[in-house]
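Participant: Could you have a look at this structure, given as structure tokens, before my questions?
The numbers here are math on the coordinates, done by the rules we state, and not lab data. Source: prediction; values computed, not measured. For neighbour counting, all protein chains shown are included, and Cβ atoms are generated from backbone atoms with ideal geometry for every residue, glycine included.
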Amino acid sequence: MLVGGAGLALPLLAACAGGTATTSKPADASKPADASKPADASKPAAAPAQSTGKTGDIKLTAWFTDRRSINDMTEKEAVPEFQAKNPGISVEVQFVPEAQIQQKLLAAKAASNAPDLTAIDETFLDTLWKNQALKPIPPSAMDVRAVMGAKVADLYKLPPGQAQGEYFGLPNGNFGGVLYYNETLLKEVGYTPEQIPTKWDDFIKWAKDLTVWKGNNLERTGFTFFGNEEGLGNEYRIQLGGWADGNNFLSKSQVSLARDAQLNATQWILDLYDVHKLDIRDGVSYQEKFGSGRAVTAFAWTWNNGFFETQYKMQNYGIRTLPLVDPTKKDWPIGAAGPDVGFCVTTQSTNQAQVDAAWAFWKYLVGPEYLKRYGILRGVQPSVKSMWSTPEFSEDKGGPKWAALATKMKPGNNLDIGFYPVEVGSIFARAWPQIRDEKTDPKQVWGTIEKEVNDYLKQNPQWSILSAEDYKAHPEWLKPEG
């Protein structure tokens, strides 16, 4: 097993973070202190093991993102389980820092030694597809519309919009922004999770009462969000504007940022700092404040489930759906969601037995046996529809660390804008440091960001954005079968 990423701070990827990369997170949320140095992304990895062509002697190599909790599960539980059910196949898993995977995979493909399978971030899918680094999923492997629903089936077929298109990567599941709470601190201040206010106006007053300042030092905050302003602002804007005005993407080729919905959400975030004084611009991320016991609640995307448990060794936390602007709007989205892509077959083998073995392992990884463990560790609601009613992923039995996400991930409860490439994410990432730290006029900043994003989209058409125009054309995506 190759382990990379020790001590390496990597930028947050767009959908995984659910917001701007104003701060960085470790590549591995709980790496051992003596982990090896990161692999050199400029050099292809060692050639994957190949089959001799003999039955019972097929060796697969798979590249996984370097996340310890998932890595441990994969190495200790999943691979032995798969190999026991497929005695003719063995699997070697190599763990690679996520930000290096795209570059390493393209280099390995050019050197004709790509791994048999690769786990990729959704922001890499377009580039890897265009560079023919991914193998199309054979129809015999999955009926996508039946297994994952209409939205996944419509979005991920490439080239987009073409009946003869093929699937190359599918989402493992979906993240959501939620309210994390520290159960110990909550109990100390005399509340239960059920008593957390469910309307933003009431919640802000409540959180303010729990916030403790000593001079200019924030000793304890009732609500932390520093470093995740864009994600929180997206949630608030969606609640303000609903399915149409809440979506900043008017179409796949046009984003609208210098408008009331975005500016109102931006001012609301600034007021959390300057009027309500719930957090401080001190460079200390929401993760550090919450994980170190300085915050009663925090806004975060649910990939933090594994992060808090492994990086901070926390067991005393839970999640709830975010407070709402207007709880009486029952047909309104309650916030944002985003996909987690995904496992792809990347083998370059010409041996059919090797190729068949790679697809057998892929089917295992995207199936319930693996996803029931992966989903919880990764903090995603599995894309496989048959899993939505299982106890681990249901509203009534999911428990304090899961049920709230199951509620948010119900079709019709969340606005999922799909995903965009890392280049667009980098443009968005420039906004909040200017607004928050440099105190530049938000309308000016968002106007500049809007122009840069639209210029990029004009030159680089995207298929993966789910715009207001797309939802208007596909109302079935808001139904339970969507």
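Participant: If you fit an axis through the alpha-carbon atoms of helix 352-365 and take the longest principal axis of the Cα set of the chain, what angle between them do you get, 0 to 90°, nearest 10?
Facilitator: Once rounded, one gets 30 degrees.
Participant: Let me ask you something else. Can you give the angle from 0 to 90° between the axis of helix 260-274 and the longest principal axis of the chain, with both taken from C-alpha atoms, to the nearest 10?
Facilitator: Value to nearest ten degrees: 70.
Participant: Run the Debye formula on the Cα coordinates of the chain, all scatterers equal and no solvent, and tell me log10 I(q)/I(0) at q = 0.06, 0.08, 0.09, 0.12 1/Å.
Facilitator: So the normalised log intensities are -0.26, -0.46, -0.59, -1.07.
Participant: Right, here's the next one. What percent does the relative contact order of the chain come to when contacts are Cα pairs within less than 8 Å and at least six residues apart?
Facilitator: Result for the chain is 22 percent.
Participant: Only Cα pairs under 8 Å and at least 6 apart count here; give the relative contact order of the stretch 117-268 as a rounded whole percent.
Facilitator: With pairs under 8 Å counted, the relative contact order is 11 percent.
Participant: Between D437 and R145, take the C-beta separation as r, use R0 = 60 Å, and let me know the FRET efficiency to the nearest 0.05.
Facilitator: Details: r = 46 Å, r/R0 = 0.77.
E(calc), rounded to 0.05, equals 0.85.
Participant: Now a separate question. Where the centre of each part is set by its Cα atoms, how far does the stretch 167-204 sit from the stretch 322-394, in angstrom?
Facilitator: 21 Å
Participant: Given the peptides 334-340, 359-365, 310-316, arrange them by the average over their residues of other C-beta atoms within 10 Å, most packed first.
Facilitator: Averaged packing, sorted descending, gives the order 334-340, 359-365, 310-316.
Participant: Can I ask one more? What distance in nm separates the simple spin-label points at E392 and K85, each placed 7 Å from Cα in the Cβ direction?
Facilitator: Output for this residue pair reads 1.2 nm.
Participant: What are the GluC sites (Glu not before Pro) within the stretch 179-221 that DSSP puts in a loop, where the Cβ has at most 14 other Cβ atoms within 10 Å? Please list the in-between numbers first.
Facilitator: On the way: sites: E183, E188, E194, E219; in loops: none.
The qualifying sites: there are none.
Participant: With each run of n ≥ 4 DSSP H residues scored as -39500 (n - 2.57), what mean residue ellipticity at 222 nm is computed for the chain after dividing by its residue count and rounding to the nearest 500 deg cm²/dmol?
Facilitator: Calculated at 222 nm, the ellipticity per residue is -10000 deg cm²/dmol.
Participant: Can I ask one more? Only sites in a loop by DSSP and with at most 10 other Cβ atoms within 10 Å count here; which trypsin sites (Lys or Arg not before Pro) in the stretch 316-355 make the cut?
Facilitator: K330
Participant: Let me ask another. Output the peptides 78-90, 463-475 sorted from most to least packed, where packing is the average of other Cβ atoms within 10 Å over each peptide's residues.
Facilitator: 463-475, 78-90
Participant: Just to be sure I understand the model, the point goes 7 Å from the Cα along the line to the Cβ. What's the resulting S251 to K199 distance in nm?
Facilitator: 4.0 nm
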